[in-house]
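Q: Got a structure for you, written out below as structure tokens; questions coming shortly.
The values are calculated or read from the model by the stated rules, or taken from the named source; none is laboratory data. What you see is a predicted model; the values in this text were computed from it and never measured. Backbone-built Cβ (ideal geometry, glycine too); neighbour counts: all protein chains shown.
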Amino acid sequence: MFRAVLKNLLARKLRLVLSGLAVVLGVMFVAGALVLTTSLGNSFQGLFATVYQNVDVQVSPKPAPGQGRQTGPAEAGATLPASLVDKVARVDGVRTAHGEVMTNGVIPLDKRGKAIPSTTGQQYGTNWRGTNDVVQLRTGHGPTSAGEVVVNGGLAKTGGFKAGDPITVIIDGKTRHFTVAGTYGYSGNRDSLGGETSVAFTTPVAQHLLLGRTGVYSTVSVTADKGVSQSTLKDRVSAATGGSYQVQTGAALAKKSTDSIKEGLKFLNYVLLGFAGVALFVGAFLILNTFSIIVAQRTRELALMRAIGASRRQMIGSVLLEAVVIGVFAGALGLLAGIGVGALLGYVFTHVGGGNLELSIGVPASAVIASFAVGIVITVVAALFPSLRASRIPPVAAMRDAATPDRPLTRVTVLGAVVFVLGGGVLGLGLFGSLSGTATLWAILGGVLVAFIGVALLTPVISRPVVGVIGRLLSFSTAGKLGRRNSARNPRRTAITAAALMVGIALITGVSTVLSSVQTSIDKVANQQIKADLIVSGTQTSAVPPTFDPALLPKMRSVSGVSSVAGVFYDRGQVDGRTVGVTATDDVPALATAVSMTRSAGTVTALSRHQALLDAKTAKADHLSVGDTVRVRLTHGSGTYTLSGIYTSGEGGMSGWVLPHSAVSDFALTSPTSAFVTVSDGASTGAAKRQIDDLLASNPLVTVADRSDFVHQQTSTFDTVQTMIQVLLTLAIIIAALGVVNTLALSVIERTRELGLLRAIGMKRRQVMSMITVESVTISVFGAVLGLAVGAGLGAAVVRALHDQGIKYLSFSWGLMIAYLVLAAVIGVVAAILPSVRAARLNVLGAIAYE
């Protein structure tokens, strides 16, 4: 039996390739995800080992309120006194100690005055401390005066800078002009360590511009004398500084930074594995369909084997053995392809933005195990039902000319209805139930999966009427009518083929529906809540939000036609020990008008130095009322504030703590991040917009937009997310298209004699191709229609579940849904090319004699 299975596989190599290709693609995604995250983790581990190569101990400020645990450069505003450098330098075992200035958010402009973005969100400003084992000067010299800077190789290449060129940077919303004194790189001929841009100033200039005052540093980096370990030196430095600062070893810093990156990579891994699961789920339909057709085609062959003594167990074993062989080959090929894909994606990730991070390819054992396990399990599970069917073929079938007829659909229909109801119930529990944490996520994912299986089981009974209607729209000739009837005469086969396409399109449609509903809800809520005519805000190009010069606020108020301007400042802080975001404004009444803040209790007017406002929902949750006092800790200081007013701003509107303008001096960023401008009745909004735009001309990061443009900017991210999901789910669509090709190819083989008879009675080659094409398009469009219906229903259910989170408007992406339907028709036409050409080229006499 084993030899018979192997000979059968070798005799039908094309079938083997088509059967295994879907699994190869799915396994490729699994292996690629694991290889990618492992390789990136190794690369960043090497990166941080280099970054902290010359640091045995680092002294830094304790994290500012709300900023979290510090693992790298000092947070904005957190500083150390210069006297600490000398104090640390005198500690026994210290070889060198030097102060470093480093903050994120120094935005360089190119020679056209446009901001140079950073895909990694890292745009550093630092002080020049000369060269060492890591930092190497390439051209020019270090900065020797207040007007000179040096830039790293990544920035030099991106902006086209060389020694002697002028350069403009934006720091805390203000433009500063310098001359490039030189460029530098890093060991290993790298332009940057991780895709960052870096501008180095003289130490006094760096202190003044980046930290707000001279005589302070972000961190103190310490190297140890020979023979002194990092842990020993850390203990001595901690004792000398009296526990007032955070002291960490270089090894601990490298590990924390690496662990932080790896934690972030886990999300990427989960996303890629999720799409791999979708691809494998779709691939399972292809494998199931392939083996079902194969068993139907080999009815006579399998019956003869039963007649000569093969037992039912041997029949099941033969089909499953065939599946195992395919699974092993698919797992091996998928693993190799996954290593290649992981390496390619890793290269893109590590070289984006000119980072030139050294990629260290790693193939974890989990990738190897998962590839073969997934490949074998998917094929064996998919082949299980066809193998059971093979075992039920009676020996007498060897004497029949036709394959065993299909069984009634009653049992599969009832089973499908039960499974669908069960899946819907689990999904409903996840969406509307009282589950918490990961239980909700698993209930939703499990419910979707089971519901999909239920729909797939119901597809045969659905296919008959729907395929009939679709086929009539496509059958304009006798050949077309035959194609329509071919697609309808075997509902199980049509259903399984269409189900693969249904899953992919349903997922894309569901996601599109949710994102479209979110966008629509945000649009409507924003238009209801934001009453300002113009909004000044910035495009974030680094981890630090863009700001603009506060001196521009009074200039905006003086613009003709402007009735009020509310500047908005933002910081992270702690209120009675809880980390929250806090807002400050220089004009409370203007802000209240601009964002529809209404009084709920107390007064919502100008705030004195120690007064604050809070939204009603938070006040109720925290059991606060007007007159209560709270302790607020900010980046630079702390104070006690009295709650003078409680406000409401509608669903999705303004919320949180609002502090007086005097609190801004304690914020990490002392410049406004946005401003709301209200134009007087009868005044020209366009004219006011042009004048404010002129005021912002020196800051390309910040623009002024009217209400509709601002709302569109806030929701444009969803378009990007939707595009990314569509690209990733394209793999599922490709596998589904392979399923259509596979079904038609095997169907042509199965119907060889029938096609020969049609050709013998006068059907032309063109008509044969037309018949196969109509059959293919009918199946594809049926899968798309089913997918659109299921996806729209699933998306609507999720939107309904998010009603309490402010997603109150259901919206369908009709344009995309029509595009998916057209795409399905195109897939049907393309999938029919090879099978139809093969059918048209059949030798008539040979086809009639085919068994």
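Q: Would you confirm, using the coordinates I've provided, whether residue 107 is of a type in the set (Val, Ile, Thr), more than 22 Å from residue 211 (Cβ to Cβ) and within 34 Å of the chain's Cα centre (by Cα)? Before you say what the answer is, go through the steps one by one.
A: On the way: of a type in the set (Val, Ile, Thr): yes; more than 22 Å from residue 211 (Cβ to Cβ): no; within 34 Å of the chain's Cα centre (by Cα): yes.
Taking the combined requirement at face value, the residue does not satisfy it.
Q: Select from segment 684-712 the residues that are of a type outside the set (D, E, K, R), closer than 21 Å to residue 596 by Cα and surrounded by 14 or more Cβ atoms within 10 Å (Cβ to Cβ) and list them in ascending order.
A: At the first step, the residues of segment 684-712 found to be of a type outside the set (D, E, K, R) are 684-688, 691-692, 695-705, 708, 710-712.
Narrowing the set further to residues that are closer than 21 Å to residue 596 by Cα leaves 685, 704-705, 708, 710-712.
Once the filter is applied, which keeps residues that are of a type outside the set (D, E, K, R), closer than 21 Å to residue 596 by Cα and surrounded by 14 or more Cβ atoms within 10 Å (Cβ to Cβ), segment 684-712 yields 685, 704, 705, 710, 711, 712.
Q: Restricting segment 148-196 to residues that are among the polar types (S, T, N, Q) and part of a strand (DSSP E or B), which is nearest to residue 695 (Cα to Cα)? Don't jump to the end; show me each part of the working.
A: Looking only at segment 148-196, we keep the residues that are among the polar types (S, T, N, Q), and these are 152, 158, 168, 175, 179, 183, 187, 189, 192.
Restricting the remaining residues to those that are part of a strand (DSSP E or B) gives 152, 168, 175, 179, 183.
Working: 152: 31, 168: 18, 175: 13, 179: 25, 183: 33 Å.
My answer is 175.
Q: So which of 237, 220 is surrounded by 17 or more Cβ atoms within 10 Å (Cβ to Cβ), among the β-branched types (Val, Ile, Thr) and closer than 28 Å to residue 137 by Cβ? Can you show your working first?
A: Numbers: 237 fails: closer than 28 Å to residue 137 by Cβ.
Only one candidate qualifies: 220.
Q: Looking for whichever is farther than 25 Å from residue 504 by Cα and over 40 Å from the mean Cα position of the chain (by Cα) here; the options are 247, 237, 222. Which one fits? I'd like the intermediate steps shown before the answer.
A: Values: 247 fails: over 40 Å from the mean Cα position of the chain (by Cα); 222 fails: over 40 Å from the mean Cα position of the chain (by Cα).
After ruling out the rest, the residue left standing is 237.
Q: So, one more: Looking at segment 514-535, I want the residues that are touching a residue at least 24 places away in the same chain (Cβ under 8 Å) and under 17 Å from residue 814 (Cβ atoms) and have a partner that is crowded, with 19+ Cβ neighbours inside 10 Å and among the polar types (S, T, N, Q) with Cβ atoms under 7 Å, at least 6 apart or on another chain. Which pairs are those?
A: What qualifies is 515/722; 516/811; 516/813; 517/811; 520/811.
Q: How about segment 112-147: which of its residues are part of a loop (DSSP other than H, G, I, E, B) and within 33 Å of the chain's Cα centre (by Cα)?
A: 112, 113, 114, 116, 117, 118, 119, 120, 121, 122 - these are the residues of segment 112-147 that are part of a loop (DSSP other than H, G, I, E, B) and within 33 Å of the chain's Cα centre (by Cα).
Q: Select, from 495, 551, 506, 499, the only residue that is without any contact (Cβ under 8 Å) to a residue 40 or more places away in the chain and touching a helix residue (DSSP H, G or I) at 6+ places or on another chain (Cβ under 8 Å). First the steps, then the outcome.
A: Numbers: 551 fails: touching a helix residue (DSSP H, G or I) at 6+ places or on another chain (Cβ under 8 Å); 506 fails: without any contact (Cβ under 8 Å) to a residue 40 or more places away in the chain; 499 fails: without any contact (Cβ under 8 Å) to a residue 40 or more places away in the chain.
Within the list 495, 551, 506, 499, the selection yields 495.
Q: Looking at (1) in contact with a Ser or Thr (Cβ under 7 Å, 6 or more places away or on another chain); (2) of a type outside the set (Lys, Arg); (3) under 26 Å from residue 528 (Cα atoms), find the lone condition where residue 667 falls short.
A: Going through (1) in contact with a Ser or Thr (Cβ under 7 Å, 6 or more places away or on another chain); (2) of a type outside the set (Lys, Arg); (3) under 26 Å from residue 528 (Cα atoms) one by one, residue 667 breaks only (3).
Q: In segment 471-483, what residues are under 42 Å from the mean Cα position of the chain (by Cα), at pLDDT 75 or above and surrounded by fewer than 22 Cβ atoms within 10 Å (Cβ to Cβ)?
A: Correct list: 472, 473.
Q: Another question, then. Provide a single number: the residues in segment 765-820 that are within 29 Å of the chain's Cα centre (by Cα) and of a type in the set (Ser, Thr, Tyr).
A: Of the residues in segment 765-820, 5 are within 29 Å of the chain's Cα centre (by Cα) and of a type in the set (Ser, Thr, Tyr).
Q: Specify the residue that is farthest from residue 526 (Cα to Cα); the eligible residues are those in segment 693-730 that are among the acidic types (Asp, Glu) and part of a helix (DSSP H, G or I). Full working, then the answer.
A: Initially, segment 693-730 is screened for residues among the acidic types (Asp, Glu), giving 693-694, 706, 709, 719.
After this cut, where a residue has to be part of a helix (DSSP H, G or I) as well, the list is 693-694, 709, 719.
Details: 693: 23, 694: 26, 709: 11, 719: 18 Å.
The selected residue is 694.
Q: Still on this model: Name the residue, out of 149, 134, 106, that is over 23 Å from residue 544 (Cα atoms), in the same structural domain as residue 207 (by TED's automatic domain parsing), crowded, with 16+ Cβ neighbours inside 10 Å and hydrophobic (A, V, I, L, M, F, W, C).
A: Working: 149 fails: over 23 Å from residue 544 (Cα atoms); 106 fails: over 23 Å from residue 544 (Cα atoms).
The unique qualifying residue is 134.
Q: Can you tell me which of 59, 85 is outside the structural domain of residue 570 (by TED's automatic domain parsing), at pLDDT 90 or above and part of a helix (DSSP H, G or I)?
A: Selected residue: 85, the only one of 59, 85 that is outside the structural domain of residue 570 (by TED's automatic domain parsing), at pLDDT 90 or above and part of a helix (DSSP H, G or I).
Q: Since residue 579 meets every condition but one in (1) touching a helix residue (DSSP H, G or I) at 6+ places or on another chain (Cβ under 8 Å); (2) outside any helix (DSSP H, G or I); (3) surrounded by fewer than 21 Cβ atoms within 10 Å (Cβ to Cβ); (4) not small (Gly, Ala, Ser), which condition does it not meet?
A: The one condition residue 579 does not meet is (1).
Residue-by-condition table, conditions (1) touching a Pro at 6+ places or on another chain (Cβ under 9 Å); (2) more than 30 Å from residue 666 (Cα to Cα):
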{"position": "160", "(1), (2)": "no, yes"}
{"position": "172", "(1), (2)": "no, no"}
{"position": "177", "(1), (2)": "yes, no"}
{"position": "208", "(1), (2)": "no, no"}
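Q: Considering only residues that are of a type outside the set (Phe, Trp, Tyr) and over 30 Å from residue 37 (Cα atoms), look in segment 240-272 and name the one that is surrounded by the most Cβ atoms within 10 Å (Cβ to Cβ). Show your work before the answer.
A: Narrowing segment 240-272 to residues of a type outside the set (Phe, Trp, Tyr): 240-244, 246-266, 268-269, 271-272.
Next cut, over 30 Å from residue 37 (Cα atoms) only: 240-244, 246-247.
Numbers: 240: 16, 241: 18, 242: 8, 243: 9, 244: 12, 246: 18, 247: 23.
Out of the qualifying residues, it is 247.
Q: To continue, here is another question. Scan segment 599-609 and tell me whether some residue there is of a type in the set (A, V, I, L, M), assigned to a loop (DSSP other than H, G, I, E, B) and modelled with pLDDT under 90. Before you say what the answer is, go through the steps one by one.
A: First, the residues of segment 599-609 that are of a type in the set (A, V, I, L, M): 601, 604, 606-607.
Filter once more, keeping what is assigned to a loop (DSSP other than H, G, I, E, B): 604, 606-607.
Narrowing further to those that are modelled with pLDDT under 90: 604, 606.
Scanning segment 599-609 turns up at least one residue that is of a type in the set (A, V, I, L, M), assigned to a loop (DSSP other than H, G, I, E, B) and modelled with pLDDT under 90.
Q: Within segment 425-448, is even one residue in contact with a Pro (Cβ under 9 Å, 6 or more places away or on another chain) and either surrounded by fewer than 22 Cβ atoms within 10 Å (Cβ to Cβ) or not in a loop (DSSP other than H, G, I, E, B) (or both)? Spell out the reasoning first.
A: Filtering segment 425-448 down to residues in contact with a Pro (Cβ under 9 Å, 6 or more places away or on another chain) leaves none.
Checked segment 425-448: no residue is in contact with a Pro (Cβ under 9 Å, 6 or more places away or on another chain) and either surrounded by fewer than 22 Cβ atoms within 10 Å (Cβ to Cβ) or not in a loop (DSSP other than H, G, I, E, B) (or both).
Results for (1) in a loop (DSSP other than H, G, I, E, B); (2) charged (D, E, K, R); (3) in the same structural domain as residue 584 (by TED's automatic domain parsing), shown as yes or no for each residue.
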| position | (1), (2), (3) |
| --- | --- |
| 644 | no, no, yes |
| 665 | no, no, yes |
| 672 | yes, no, yes |
| 676 | no, no, yes |
| 689 | no, yes, yes |
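Q: Among the residues of segment 626-648 satisfying the criterion of being buried (at least 20 other Cβ atoms within 10 Å of the Cβ) and of a type in the set (Ser, Thr, Tyr), which is nearest to residue 807 (Cα to Cα)?
A: That would be 647.
Q: Right, another one. Scan (1) crowded, with 22+ Cβ neighbours inside 10 Å; (2) in contact with a Lys or Arg (Cβ under 8 Å, 6 or more places away or on another chain); (3) modelled with pLDDT under 85 for the single condition residue 535 breaks and write down its number.
A: That leaves (3) as the condition not met.
Q: Going through 768, 822, 798 one at a time, which residue ends up being under 19 Å from residue 730 (Cα atoms) and either in the same structural domain as residue 739 (by TED's automatic domain parsing) or buried (at least 16 other Cβ atoms within 10 Å of the Cβ) (or both)?
A: Working: 768 fails: under 19 Å from residue 730 (Cα atoms); 798 fails: under 19 Å from residue 730 (Cα atoms).
One residue alone meets the criteria, 822.
Q: Would you mind telling me which numbered condition in (1) in a strand (DSSP E or B); (2) out of contact with any strand residue (DSSP E or B) (no Cβ under 6 Å at 6 or more places or on another chain) residue 555 fails?
A: Every listed condition holds for residue 555 apart from (1).
Q: Which number in (1) at pLDDT below 80; (2) within 20 Å of residue 721 (Cα to Cα); (3) outside any loop (DSSP other than H, G, I, E, B); (4) hydroxyl-bearing (Ser, Thr, Tyr) marks the one condition that residue 509 misses?
A: Exception for residue 509: condition (1).
Q: Looking at this structure, is residue 656 in contact with a helix residue (DSSP H, G or I) (Cβ under 6 Å, 6 or more places away or on another chain), at positive phi and of a type outside the set (Asp, Glu)? I'd like the intermediate steps shown before the answer.
A: Values: in contact with a helix residue (DSSP H, G or I) (Cβ under 6 Å, 6 or more places away or on another chain): no; at positive phi: yes; of a type outside the set (Asp, Glu): yes.
For residue 656, the condition - in contact with a helix residue (DSSP H, G or I) (Cβ under 6 Å, 6 or more places away or on another chain), at positive phi and of a type outside the set (Asp, Glu) - is not met.
Conditions tested, residue by residue: (1) closer than 18 Å to residue 97 by Cα; (2) modelled with pLDDT of 90 or more; (3) touching a strand residue (DSSP E or B) at 6+ places or on another chain (Cβ under 8 Å).
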position: 176; (1), (2), (3): no, yes, yes
position: 211; (1), (2), (3): no, no, yes
position: 219; (1), (2), (3): yes, yes, yes
position: 225; (1), (2), (3): yes, yes, yes
position: 261; (1), (2), (3): no, no, no
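Q: Quick check on my filter: what residues within segment 22-39 are out of contact with any Ser or Thr (no Cβ under 7 Å at 6 or more places or on another chain) and modelled with pLDDT of 70 or more?
A: Taking segment 22-39 first, the residues out of contact with any Ser or Thr (no Cβ under 7 Å at 6 or more places or on another chain) are 22, 24-26, 28-29, 32-33, 35-38.
Correct list: 24, 25, 26, 28, 29, 32, 33, 35, 36, 37, 38.
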